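**Student:** Starting off with a structure, shown below.
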Amino acid sequence: MRRDGFTLVELLIVIVILGILVAMGFLGVRAYTAKAYNITVKHDLLSFVKAQEIYLAEKARYLGTQGDYLKGGSVTGTLNREELKYSPSPGVRIDIISGDGASPDGPPAFRAEATHDMASLVYGYNFSTHEYTERGK
């Protein structure tokens, strides 16, 4: 008797193998996506710091105080993006987490943090010590 086709067991094995490969692909894509968002957030914080340094040179103070923020994409935030001449990438939020731009050395020191919902890290900058930090969410 001649047999054409596949048995149910053979088909199930192929389906299981394909499922495993698809799951591994999704996990890899998620990791690379998070890395891409981390790079975007870090770049946006660097650009924010440069914009603040230019503002400092022009106005003799930084712009903002604790609680102020900028969020890219939806044009929201309490910081005046036109005055600062900077806007973050869509979804990136930059918060002034402590201090006042008029007295960046504090107390408390003038500090900002940047993040994105899809990023795995939060980046920070201390304007009094000029140090960058990063931490996991």
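**Student:** Could you tell me which numbered condition residue 110 fails, if it satisfies all but one of (1) modelled with pLDDT of 95 or more; (2) out of contact with any Gly (no Cβ under 6 Å at 6 or more places or on another chain); (3) among the hydrophobic types (A, V, I, L, M, F, W, C)?
**Tutor:** (2)
**Student:** Given 51, 60, 23, which one is farther than 30 Å from residue 103 by Cα and either in contact with a Lys or Arg (Cβ under 7 Å, 6 or more places away or on another chain) or of a type in the set (Gly, Ala, Ser) (or both)?
**Tutor:** Exactly one residue qualifies, and that residue is 23.
**Student:** Hey, among 68, 117, which residue is within 27 Å of residue 35 (Cα to Cα), among the charged types (D, E, K, R), exposed (fewer than 14 other Cβ atoms within 10 Å of the Cβ) and in contact with a strand residue (DSSP E or B) (Cβ under 9 Å, 6 or more places away or on another chain)? Explain how you work it out, then say what you get.
**Tutor:** Values: 68 fails: exposed (fewer than 14 other Cβ atoms within 10 Å of the Cβ).
Only one candidate qualifies: 117.
**Student:** If you don't mind, there's one more thing I want to ask. Any idea which of 40, 33 is polar (S, T, N, Q), more than 16 Å from residue 124 (Cα to Cα) and part of a helix (DSSP H, G or I)?
**Tutor:** 33 is the lone residue from the list that is polar (S, T, N, Q), more than 16 Å from residue 124 (Cα to Cα) and part of a helix (DSSP H, G or I).
**Student:** Next question, about the same structure. Quick check, is residue 3 assigned to a loop (DSSP other than H, G, I, E, B), in contact (Cβ under 8 Å) with a residue 40 or more places away in the chain and of a type in the set (D, E, K, R)?
**Tutor:** Values: assigned to a loop (DSSP other than H, G, I, E, B): yes; in contact (Cβ under 8 Å) with a residue 40 or more places away in the chain: no; of a type in the set (D, E, K, R): yes.
Taking the combined requirement at face value, the residue does not satisfy it.
**Student:** Can you tell me which residues in the stretch 74-114 are surrounded by 13 or more Cβ atoms within 10 Å (Cβ to Cβ), among the small types (Gly, Ala, Ser) and farther than 16 Å from residue 42 by Cβ?
**Tutor:** 77, 87, 98, 99, 101, 102, 103, 106, 109, listed by residue number.
The values are calculated or read from the model by the stated rules, or taken from the named source; none is laboratory data. The model shown is predicted, which means the values in this text are computed figures rather than measured ones. Cβ coordinates were reconstructed from backbone atoms using ideal geometry, including for glycine residues, and neighbour counts include every protein chain displayed.
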